[in-house]
1. Tell me which residues, restricted to segment 49-63, are among the acidic types (D, E) and assigned to a strand (DSSP E or B).
2. Name the residue, out of E346, E299, that is of a type in the set (D, E), within 27 Å of the chain's Cα centre (by Cα) and modelled with pLDDT of 95 or more.
3. For segment 79-116, which positions are among the polar types (S, T, N, Q), more than 25 Å from S156 (Cβ to Cβ) and part of a strand (DSSP E or B)?
4. For I127, work out the one condition from (1) surrounded by fewer than 21 Cβ atoms within 10 Å (Cβ to Cβ); (2) closer than 15 Å to N50 by Cα it doesn't fulfil.
5. Being over 28 Å from T79 (Cα atoms) and touching a Ser or Thr at 6+ places or on another chain (Cβ under 6 Å) is the requirement here; does Y425 meet it?
6. Name the one entry in V445, V353, V368, V391 that is away from the ligand (no atom under 16 Å from the Cβ), of a type in the set (A, V, I, L, M, F, W, C), out of contact with any Phe, Trp or Tyr (no Cβ under 7 Å at 6 or more places or on another chain) and under 14 Å from P188 (Cα atoms).
Amino acid sequence: MTPQDHLTNQHAGALEDLKTFLNIPSVSTQPERRQDVQRCADWLKTRFENAGLEHAEVIQTAMHPIVYADWLHAPGAPTVLLYGHYDVQPAADTEHWVSPPFEATVREQRIYARGASDMKGNVHAMIRAIEALLETTRSLPVNVKFLIEGEEEIASPSFPAIAKQERERFKADYCICADSLQLSEHEPMLVLSTRGVVGFELTVTGARIDLHSGLQGGVVMNPLVALARVVASFHHDDGRIAVDGFYDQVIDIPAQTRALLARTAPSEASRLEALGVPALWGEAGFSAAERSTLRPTLEPNGLWGGYQGAGNMTVIPSQAHLKVTCRIVPNQDPAHILECLRRHIEQHTPPGVTIHATYGGDTPAYHVPLEHPAHRVIAAVLRELYGRDPVPSHQGGTVPILPMLQRHLGVTSLAFGFSLPDDQYHAPNEFWRLSSFHRAPLAFVRLLEELGRLEPTNQNG
Ligand SMILES: [Zn+2]
(Lines give C-alpha, C1' and ligand atoms only; values in the text may rest on other atoms or scores of the structure.)
Protein backbone atom coordinates (compact mmCIF):
# COMPACT_ATOMS: atom_id res chain seq x y z
CA MET A 1 0.00 0.00 0.00
CA THR A 2 1.24 3.54 -0.76
CA PRO A 3 1.02 6.39 1.74
CA GLN A 4 -1.58 7.91 -0.60
CA ASP A 5 -3.76 4.76 -0.39
CA HIS A 6 -3.39 4.77 3.36
CA LEU A 7 -4.64 8.37 3.55
CA THR A 8 -7.64 7.56 1.36
CA ASN A 9 -8.54 4.51 3.46
CA GLN A 10 -8.34 6.50 6.68
CA HIS A 11 -10.46 9.51 5.65
CA ALA A 12 -13.53 8.86 7.80
CA GLY A 13 -11.51 8.12 10.93
CA ALA A 14 -9.20 11.07 10.28
CA LEU A 15 -12.15 13.44 10.01
CA GLU A 16 -13.51 12.29 13.40
CA ASP A 17 -10.00 12.66 14.84
CA LEU A 18 -9.69 16.21 13.50
CA LYS A 19 -13.07 17.05 15.05
CA THR A 20 -11.80 15.90 18.45
CA PHE A 21 -8.78 18.21 18.06
CA LEU A 22 -11.02 21.12 17.00
CA ASN A 23 -13.44 20.61 19.88
CA ILE A 24 -10.78 21.46 22.46
CA PRO A 25 -11.16 25.25 22.98
CA SER A 26 -7.43 26.05 23.11
CA VAL A 27 -7.86 29.85 23.17
CA SER A 28 -4.48 31.21 24.24
CA THR A 29 -5.55 34.76 25.06
CA GLN A 30 -8.26 33.87 27.61
CA PRO A 31 -6.90 33.02 31.07
CA GLU A 32 -10.01 30.91 31.83
CA ARG A 33 -9.05 28.61 28.92
CA ARG A 34 -5.62 27.79 30.33
CA GLN A 35 -6.61 24.23 31.27
CA ASP A 36 -8.06 23.68 27.79
CA VAL A 37 -4.83 24.84 26.17
CA GLN A 38 -2.91 22.37 28.34
CA ARG A 39 -5.43 19.62 27.51
CA CYS A 40 -4.92 20.33 23.80
CA ALA A 41 -1.13 20.07 24.21
CA ASP A 42 -1.55 16.73 26.02
CA TRP A 43 -3.88 15.50 23.26
CA LEU A 44 -1.26 16.40 20.62
CA LYS A 45 1.50 14.57 22.50
CA THR A 46 -0.57 11.38 22.53
CA ARG A 47 -1.49 11.90 18.87
CA PHE A 48 2.21 12.22 17.97
CA GLU A 49 2.95 8.96 19.78
CA ASN A 50 0.09 7.16 18.04
CA ALA A 51 1.42 8.37 14.68
CA GLY A 52 4.75 6.67 15.40
CA LEU A 53 6.77 9.73 16.39
CA GLU A 54 9.30 9.54 19.20
CA HIS A 55 10.42 11.70 22.15
CA ALA A 56 7.00 13.37 22.27
CA GLU A 57 6.99 15.92 25.04
CA VAL A 58 4.89 18.77 26.33
CA ILE A 59 7.49 21.45 27.08
CA GLN A 60 6.22 23.89 29.69
CA THR A 61 6.92 27.59 29.18
CA ALA A 62 6.16 30.72 31.19
CA MET A 63 2.64 30.54 29.73
CA HIS A 64 1.37 27.89 27.27
CA PRO A 65 3.33 24.73 26.43
CA ILE A 66 5.12 23.84 23.20
CA VAL A 67 4.59 20.27 21.97
CA TYR A 68 7.62 18.53 20.51
CA ALA A 69 8.13 15.13 18.86
CA ASP A 70 10.66 13.75 16.42
CA TRP A 71 11.71 10.87 14.20
CA LEU A 72 15.45 10.89 13.49
CA HIS A 73 16.30 7.67 11.67
CA ALA A 74 17.18 8.98 8.20
CA PRO A 75 20.98 9.32 8.34
CA GLY A 76 22.38 11.51 5.57
CA ALA A 77 18.98 13.06 4.85
CA PRO A 78 18.07 16.61 5.90
CA THR A 79 16.31 17.36 9.17
CA VAL A 80 13.03 19.20 8.70
CA LEU A 81 11.42 21.20 11.48
CA LEU A 82 7.64 21.26 11.08
CA TYR A 83 6.27 24.40 12.70
CA GLY A 84 2.66 25.06 13.61
CA HIS A 85 0.45 26.22 16.47
CA TYR A 86 -2.43 24.53 18.29
CA ASP A 87 -3.81 27.65 19.96
CA VAL A 88 -6.75 29.44 18.40
CA GLN A 89 -8.42 32.84 18.40
CA PRO A 90 -11.33 33.46 20.79
CA ALA A 91 -14.88 32.83 19.57
CA ALA A 92 -16.81 34.91 22.08
CA ASP A 93 -19.32 36.12 19.46
CA THR A 94 -21.14 32.77 19.48
CA GLU A 95 -24.45 34.32 18.33
CA HIS A 96 -22.88 34.85 14.88
CA TRP A 97 -21.89 31.18 14.55
CA VAL A 98 -24.25 28.89 12.65
CA SER A 99 -22.91 25.90 14.63
CA PRO A 100 -21.04 26.26 17.94
CA PRO A 101 -17.35 27.20 17.42
CA PHE A 102 -16.07 24.26 19.47
CA GLU A 103 -18.42 21.62 18.07
CA ALA A 104 -16.84 20.90 14.70
CA THR A 105 -19.58 20.43 12.10
CA VAL A 106 -19.38 19.36 8.46
CA ARG A 107 -21.74 21.05 6.01
CA GLU A 108 -21.41 22.29 2.39
CA GLN A 109 -18.17 20.30 2.00
CA ARG A 110 -16.55 22.32 4.79
CA ILE A 111 -15.57 21.68 8.41
CA TYR A 112 -16.79 24.56 10.55
CA ALA A 113 -14.97 25.25 13.84
CA ARG A 114 -12.73 27.86 15.45
CA GLY A 115 -9.15 26.97 14.46
CA ALA A 116 -10.18 24.69 11.57
CA SER A 117 -8.23 26.76 9.04
CA ASP A 118 -5.90 28.66 11.44
CA MET A 119 -4.45 26.16 11.85
CA LYS A 120 -5.40 22.86 13.40
CA GLY A 121 -6.35 21.51 9.97
CA ASN A 122 -2.79 22.01 8.75
CA VAL A 123 -1.21 20.61 11.94
CA HIS A 124 -3.43 17.55 11.71
CA ALA A 125 -2.54 17.10 8.03
CA MET A 126 1.19 17.03 8.86
CA ILE A 127 0.60 14.33 11.48
CA ARG A 128 -1.48 12.26 9.04
CA ALA A 129 1.28 12.54 6.43
CA ILE A 130 3.89 11.22 8.89
CA GLU A 131 1.53 8.47 10.04
CA ALA A 132 0.81 7.36 6.45
CA LEU A 133 4.52 7.24 5.59
CA LEU A 134 5.45 5.32 8.75
CA GLU A 135 2.52 2.87 8.43
CA THR A 136 3.26 2.01 4.82
CA THR A 137 7.04 2.38 4.46
CA ARG A 138 8.17 1.93 8.11
CA SER A 139 10.41 4.92 7.49
CA LEU A 140 10.51 8.63 6.64
CA PRO A 141 12.44 10.23 3.76
CA VAL A 142 13.83 12.93 6.10
CA ASN A 143 14.47 13.40 9.79
CA VAL A 144 11.47 15.18 11.28
CA LYS A 145 11.01 17.43 14.29
CA PHE A 146 7.61 18.81 15.22
CA LEU A 147 7.45 22.15 17.04
CA ILE A 148 3.83 23.06 17.71
CA GLU A 149 3.38 26.09 19.93
CA GLY A 150 0.42 27.31 21.97
CA GLU A 151 1.00 31.08 21.88
CA GLU A 152 1.00 32.08 18.20
CA GLU A 153 -2.23 34.02 18.46
CA ILE A 154 -0.74 36.13 21.26
CA ALA A 155 2.59 36.83 19.47
CA SER A 156 4.64 33.90 20.89
CA PRO A 157 5.94 35.64 24.05
CA SER A 158 7.56 32.48 25.48
CA PHE A 159 9.13 31.37 22.21
CA PRO A 160 12.51 33.20 22.36
CA ALA A 161 13.35 31.83 25.83
CA ILE A 162 12.40 28.25 24.91
CA ALA A 163 14.22 28.46 21.57
CA LYS A 164 17.37 29.49 23.43
CA GLN A 165 16.97 26.71 25.98
CA GLU A 166 16.13 24.04 23.34
CA ARG A 167 18.32 25.26 20.48
CA GLU A 168 20.06 21.88 20.09
CA ARG A 169 16.84 19.89 20.18
CA PHE A 170 15.06 22.17 17.66
CA LYS A 171 18.05 22.39 15.28
CA ALA A 172 17.18 21.62 11.65
CA ASP A 173 18.25 22.15 8.05
CA TYR A 174 14.92 23.56 6.92
CA CYS A 175 11.77 24.67 8.65
CA ILE A 176 8.36 24.28 7.07
CA CYS A 177 5.88 26.81 8.43
CA ALA A 178 2.45 25.28 7.86
CA ASP A 179 0.68 28.40 9.19
CA SER A 180 0.19 29.57 5.64
CA LEU A 181 -2.17 29.66 2.72
CA GLN A 182 -2.65 29.20 -1.00
CA LEU A 183 -4.09 31.76 -3.38
CA SER A 184 -7.35 29.88 -4.03
CA GLU A 185 -8.71 26.36 -4.16
CA HIS A 186 -7.17 25.93 -7.62
CA GLU A 187 -4.19 28.32 -7.53
CA PRO A 188 -1.07 27.55 -5.51
CA MET A 189 1.20 30.29 -4.17
CA LEU A 190 4.82 30.62 -3.12
CA VAL A 191 5.35 33.13 -0.28
CA LEU A 192 8.67 34.89 -0.95
CA SER A 193 8.51 37.73 1.55
CA THR A 194 6.56 39.25 4.40
CA ARG A 195 6.90 42.79 5.72
CA GLY A 196 8.06 43.63 9.22
CA VAL A 197 6.61 46.21 11.55
CA VAL A 198 7.86 48.90 13.92
CA GLY A 199 5.62 51.15 15.95
CA PHE A 200 5.62 54.17 18.21
CA GLU A 201 3.29 56.31 20.30
CA LEU A 202 3.47 60.05 20.88
CA THR A 203 2.07 62.18 23.64
CA VAL A 204 2.20 65.91 22.96
CA THR A 205 1.92 68.03 26.09
CA GLY A 206 1.29 71.77 26.35
CA ALA A 207 0.04 73.31 29.57
CA ARG A 208 -0.18 71.33 32.83
CA ILE A 209 -3.99 71.27 32.60
CA ASP A 210 -6.66 71.95 29.95
CA LEU A 211 -6.97 75.71 29.39
CA HIS A 212 -9.94 78.04 28.78
CA SER A 213 -9.75 79.03 25.11
CA GLY A 214 -11.21 82.43 25.92
CA LEU A 215 -8.62 83.26 28.55
CA GLN A 216 -5.54 81.59 27.02
CA GLY A 217 -6.49 81.16 23.34
CA GLY A 218 -3.93 82.76 21.05
CA VAL A 219 -1.30 82.57 23.78
CA VAL A 220 -0.02 78.99 23.73
CA MET A 221 0.68 76.32 21.10
CA ASN A 222 -2.32 73.99 21.03
CA PRO A 223 -1.09 70.35 21.38
CA LEU A 224 -3.63 69.28 18.73
CA VAL A 225 -2.14 71.75 16.23
CA ALA A 226 1.38 70.65 17.17
CA LEU A 227 0.47 67.00 16.68
CA ALA A 228 -1.23 67.71 13.34
CA ARG A 229 1.99 69.41 12.17
CA VAL A 230 4.08 66.42 13.21
CA VAL A 231 1.71 64.02 11.42
CA ALA A 232 1.78 66.22 8.31
CA SER A 233 5.60 66.16 8.37
CA PHE A 234 5.77 62.39 7.90
CA HIS A 235 5.00 62.42 4.15
CA HIS A 236 5.87 64.56 1.15
CA ASP A 237 2.96 65.63 -1.06
CA ASP A 238 3.84 62.91 -3.55
CA GLY A 239 3.39 60.20 -0.91
CA ARG A 240 7.07 59.54 -0.19
CA ILE A 241 7.96 59.23 3.49
CA ALA A 242 9.80 62.41 4.53
CA VAL A 243 11.74 60.89 7.42
CA ASP A 244 15.49 61.26 6.75
CA GLY A 245 17.20 57.89 6.26
CA PHE A 246 13.94 55.94 6.16
CA TYR A 247 14.65 54.48 2.70
CA ASP A 248 18.44 54.05 3.25
CA GLN A 249 18.39 50.24 3.36
CA VAL A 250 15.49 49.56 1.01
CA ILE A 251 16.47 47.36 -1.92
CA ASP A 252 15.14 48.30 -5.37
CA ILE A 253 12.38 45.98 -6.55
CA PRO A 254 13.90 43.86 -9.32
CA ALA A 255 12.42 44.52 -12.77
CA GLN A 256 11.34 40.89 -12.96
CA THR A 257 9.37 41.21 -9.71
CA ARG A 258 7.74 44.45 -10.87
CA ALA A 259 6.66 42.74 -14.06
CA LEU A 260 5.30 39.78 -12.11
CA LEU A 261 3.33 42.03 -9.74
CA ALA A 262 1.94 43.98 -12.69
CA ARG A 263 0.74 40.70 -14.18
CA THR A 264 -0.64 38.98 -11.07
CA ALA A 265 -1.92 41.70 -8.70
CA PRO A 266 -5.49 43.00 -8.82
CA SER A 267 -5.85 46.04 -11.10
CA GLU A 268 -5.89 49.51 -9.54
CA ALA A 269 -9.41 50.00 -10.88
CA SER A 270 -10.69 46.91 -9.07
CA ARG A 271 -8.87 47.98 -5.91
CA LEU A 272 -10.48 51.42 -6.13
CA GLU A 273 -13.88 49.81 -6.55
CA ALA A 274 -13.36 47.32 -3.70
CA LEU A 275 -12.12 49.95 -1.24
CA GLY A 276 -14.76 52.56 -1.99
CA VAL A 277 -12.26 55.46 -1.89
CA PRO A 278 -12.41 58.38 -4.39
CA ALA A 279 -8.74 57.83 -5.33
CA LEU A 280 -5.77 55.67 -4.37
CA TRP A 281 -2.83 57.42 -2.72
CA GLY A 282 0.77 56.50 -1.97
CA GLU A 283 4.45 56.73 -2.78
CA ALA A 284 5.06 58.20 -6.23
CA GLY A 285 6.70 55.93 -8.78
CA PHE A 286 5.27 52.68 -7.47
CA SER A 287 2.09 50.77 -8.23
CA ALA A 288 -0.46 49.99 -5.51
CA ALA A 289 0.65 46.34 -5.66
CA GLU A 290 4.26 47.38 -5.04
CA ARG A 291 3.34 49.88 -2.34
CA SER A 292 1.33 47.27 -0.43
CA THR A 293 4.01 44.53 -0.47
CA LEU A 294 7.60 45.60 -1.22
CA ARG A 295 7.72 49.27 -0.21
CA PRO A 296 7.80 50.49 3.39
CA THR A 297 4.96 52.53 4.84
CA LEU A 298 4.23 54.86 7.75
CA GLU A 299 0.60 54.89 8.83
CA PRO A 300 -1.00 56.70 11.78
CA ASN A 301 -3.39 54.19 13.37
CA GLY A 302 -4.98 56.43 15.96
CA LEU A 303 -5.01 60.13 16.79
CA TRP A 304 -6.93 61.71 19.65
CA GLY A 305 -7.14 64.48 22.18
CA GLY A 306 -9.35 67.26 23.49
CA TYR A 307 -13.11 67.40 23.85
CA GLN A 308 -15.10 64.85 21.86
CA GLY A 309 -18.54 64.94 23.50
CA ALA A 310 -21.74 66.57 22.26
CA GLY A 311 -21.81 70.30 21.58
CA ASN A 312 -18.86 72.61 22.24
CA MET A 313 -16.32 72.85 24.97
CA THR A 314 -14.05 75.87 24.70
CA VAL A 315 -10.86 74.18 25.73
CA ILE A 316 -7.20 74.06 24.75
CA PRO A 317 -6.35 70.47 25.69
CA SER A 318 -3.30 69.78 27.75
CA GLN A 319 -2.41 66.71 25.67
CA ALA A 320 -2.80 65.09 22.24
CA HIS A 321 -1.95 61.49 21.32
CA LEU A 322 -0.89 59.48 18.30
CA LYS A 323 -0.22 55.81 17.48
CA VAL A 324 1.77 54.89 14.38
CA THR A 325 3.04 51.69 12.79
CA CYS A 326 5.45 51.38 9.89
CA ARG A 327 5.60 48.31 7.67
CA ILE A 328 9.21 47.67 6.79
CA VAL A 329 10.67 45.61 3.97
CA PRO A 330 13.54 43.11 3.63
CA ASN A 331 16.96 44.53 4.57
CA GLN A 332 15.53 47.40 6.65
CA ASP A 333 16.89 47.26 10.18
CA PRO A 334 14.13 48.04 12.73
CA ALA A 335 16.65 49.72 15.06
CA HIS A 336 17.79 52.07 12.25
CA ILE A 337 14.20 52.98 11.42
CA LEU A 338 13.38 53.73 15.04
CA GLU A 339 16.48 55.97 15.25
CA CYS A 340 15.42 57.85 12.08
CA LEU A 341 11.94 58.33 13.53
CA ARG A 342 13.30 59.55 16.86
CA ARG A 343 15.43 62.18 15.12
CA HIS A 344 12.59 63.25 12.84
CA ILE A 345 10.17 63.75 15.71
CA GLU A 346 12.74 65.70 17.71
CA GLN A 347 13.41 68.01 14.74
CA HIS A 348 9.71 68.50 13.97
CA THR A 349 8.43 69.23 17.48
CA PRO A 350 7.02 72.78 17.31
CA PRO A 351 8.10 75.22 20.01
CA GLY A 352 5.73 75.52 22.95
CA VAL A 353 5.03 71.82 23.51
CA THR A 354 6.98 68.75 24.56
CA ILE A 355 6.67 65.37 22.91
CA HIS A 356 7.14 62.10 24.72
CA ALA A 357 7.68 59.14 22.40
CA THR A 358 7.65 55.42 23.21
CA TYR A 359 8.96 53.00 20.64
CA GLY A 360 8.34 49.31 20.47
CA GLY A 361 7.14 46.21 18.69
CA ASP A 362 9.89 45.65 16.17
CA THR A 363 9.68 42.68 13.84
CA PRO A 364 11.98 42.57 10.81
CA ALA A 365 10.72 41.67 7.35
CA TYR A 366 11.37 38.18 6.01
CA HIS A 367 12.53 37.07 2.61
CA VAL A 368 13.56 33.77 1.03
CA PRO A 369 14.62 33.98 -2.61
CA LEU A 370 12.83 31.99 -5.29
CA GLU A 371 16.13 30.23 -6.01
CA HIS A 372 16.39 28.70 -2.50
CA PRO A 373 16.62 24.90 -2.97
CA ALA A 374 13.65 24.23 -0.65
CA HIS A 375 11.57 26.78 -2.60
CA ARG A 376 12.32 24.86 -5.78
CA VAL A 377 11.08 21.68 -4.08
CA ILE A 378 7.93 23.38 -2.82
CA ALA A 379 7.22 24.83 -6.28
CA ALA A 380 7.60 21.40 -7.87
CA VAL A 381 5.28 19.73 -5.34
CA LEU A 382 2.63 22.45 -5.76
CA ARG A 383 2.88 22.21 -9.55
CA GLU A 384 2.29 18.46 -9.32
CA LEU A 385 -0.68 18.87 -6.95
CA TYR A 386 -2.49 21.70 -8.72
CA GLY A 387 -1.40 21.12 -12.30
CA ARG A 388 -0.09 24.69 -12.55
CA ASP A 389 2.85 26.80 -11.42
CA PRO A 390 2.55 28.49 -8.04
CA VAL A 391 2.25 32.29 -8.16
CA PRO A 392 5.28 33.89 -6.44
CA SER A 393 3.86 36.23 -3.83
CA HIS A 394 5.06 39.05 -1.59
CA GLN A 395 2.88 39.51 1.47
CA GLY A 396 2.22 42.97 2.85
CA GLY A 397 1.47 41.63 6.32
CA THR A 398 3.83 40.45 9.04
CA VAL A 399 4.44 36.86 10.20
CA PRO A 400 6.61 37.35 13.32
CA ILE A 401 7.43 33.65 13.72
CA LEU A 402 9.40 33.54 10.44
CA PRO A 403 12.13 36.03 11.48
CA MET A 404 11.90 34.63 15.03
CA LEU A 405 12.81 31.11 13.85
CA GLN A 406 15.66 32.60 11.83
CA ARG A 407 16.92 34.73 14.69
CA HIS A 408 16.67 32.18 17.50
CA LEU A 409 17.25 28.85 15.72
CA GLY A 410 19.21 30.02 12.69
CA VAL A 411 16.92 28.07 10.39
CA THR A 412 15.30 29.24 7.15
CA SER A 413 11.52 28.80 7.18
CA LEU A 414 9.40 28.24 4.13
CA ALA A 415 5.65 28.68 4.07
CA PHE A 416 3.68 25.60 3.06
CA GLY A 417 0.09 25.46 4.25
CA PHE A 418 -3.39 24.95 2.84
CA SER A 419 -5.61 27.58 4.33
CA LEU A 420 -7.38 29.83 1.84
CA PRO A 421 -7.97 33.59 1.98
CA ASP A 422 -11.76 33.22 2.44
CA ASP A 423 -11.67 30.64 5.27
CA GLN A 424 -12.97 33.26 7.76
CA TYR A 425 -10.16 32.74 10.24
CA HIS A 426 -10.27 35.15 13.19
CA ALA A 427 -13.99 35.65 12.27
CA PRO A 428 -17.27 33.83 12.99
CA ASN A 429 -17.93 30.59 11.08
CA GLU A 430 -14.29 29.77 10.40
CA PHE A 431 -14.04 26.71 8.18
CA TRP A 432 -11.64 24.43 6.35
CA ARG A 433 -12.69 22.93 3.04
CA LEU A 434 -12.88 19.15 2.77
CA SER A 435 -10.84 19.62 -0.42
CA SER A 436 -8.05 21.10 1.75
CA PHE A 437 -8.53 18.29 4.28
CA HIS A 438 -7.90 15.77 1.45
CA ARG A 439 -5.16 17.66 -0.32
CA ALA A 440 -2.97 18.84 2.58
CA PRO A 441 -1.74 15.45 3.92
CA LEU A 442 -0.97 14.28 0.37
CA ALA A 443 0.98 17.49 -0.14
CA PHE A 444 3.01 16.98 3.05
CA VAL A 445 3.82 13.39 2.03
CA ARG A 446 5.11 14.60 -1.33
CA LEU A 447 6.97 17.53 0.24
CA LEU A 448 8.85 15.28 2.68
CA GLU A 449 9.67 12.81 -0.10
CA GLU A 450 11.13 15.58 -2.25
CA LEU A 451 12.93 17.33 0.63
CA GLY A 452 14.61 13.96 1.24
CA ARG A 453 16.47 14.44 -2.03
CA LEU A 454 18.13 17.67 -0.80
CA GLU A 455 21.53 17.77 0.86
CA PRO A 456 21.48 18.58 4.55
CA THR A 457 22.75 22.12 5.17
CA ASN A 458 25.50 22.74 7.70
CA GLN A 459 22.85 24.02 10.12
CA ASN A 460 22.23 20.48 11.30
CA GLY A 461 24.86 19.34 13.75
ZN1 LIG B 1 -2.10 30.92 12.53
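1. Across segment 49-63, the qualifying residues are E54, E57.
2. Going through E346, E299 in turn, the sole match is E299.
3. T105 - this is the single residue of segment 79-116 that is among the polar types (S, T, N, Q), more than 25 Å from S156 (Cβ to Cβ) and part of a strand (DSSP E or B).
4. So I127 meets the others, but not (1).
5. Judged against the criteria, Y425 is a match.
6. V391
Yes/no per residue for (1) modelled with pLDDT of 95 or more; (2) crowded, with 20+ Cβ neighbours inside 10 Å; (3) under 23 Å from E108 (Cα atoms):
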{"position": "V391", "(1), (2), (3)": "no, no, no"}
{"position": "V399", "(1), (2), (3)": "no, yes, no"}
{"position": "S413", "(1), (2), (3)": "yes, yes, no"}
{"position": "F418", "(1), (2), (3)": "yes, yes, yes"}
{"position": "E430", "(1), (2), (3)": "yes, yes, yes"}
{"position": "L434", "(1), (2), (3)": "yes, no, yes"}
{"position": "V445", "(1), (2), (3)": "yes, yes, no"}
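Conditions tested, residue by residue: (1) within 20 Å of P369 (Cα to Cα); (2) among the basic types (K, R); (3) touching a helix residue (DSSP H, G or I) at 6+ places or on another chain (Cβ under 7 Å).
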site	(1), (2), (3)
E135	no, no, yes
S139	no, no, no
N143	no, no, no
L147	no, no, yes
P160	no, no, yes
D173	yes, no, no
A178	yes, no, yes
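The values are calculated or read from the model by the stated rules, or taken from the named source; none is laboratory data. In this text the structure is predicted, and so the values were computed from the model without any measurement. Glycine also receives a Cβ, built like all others from the backbone with ideal geometry; neighbour counts cover every protein chain displayed.
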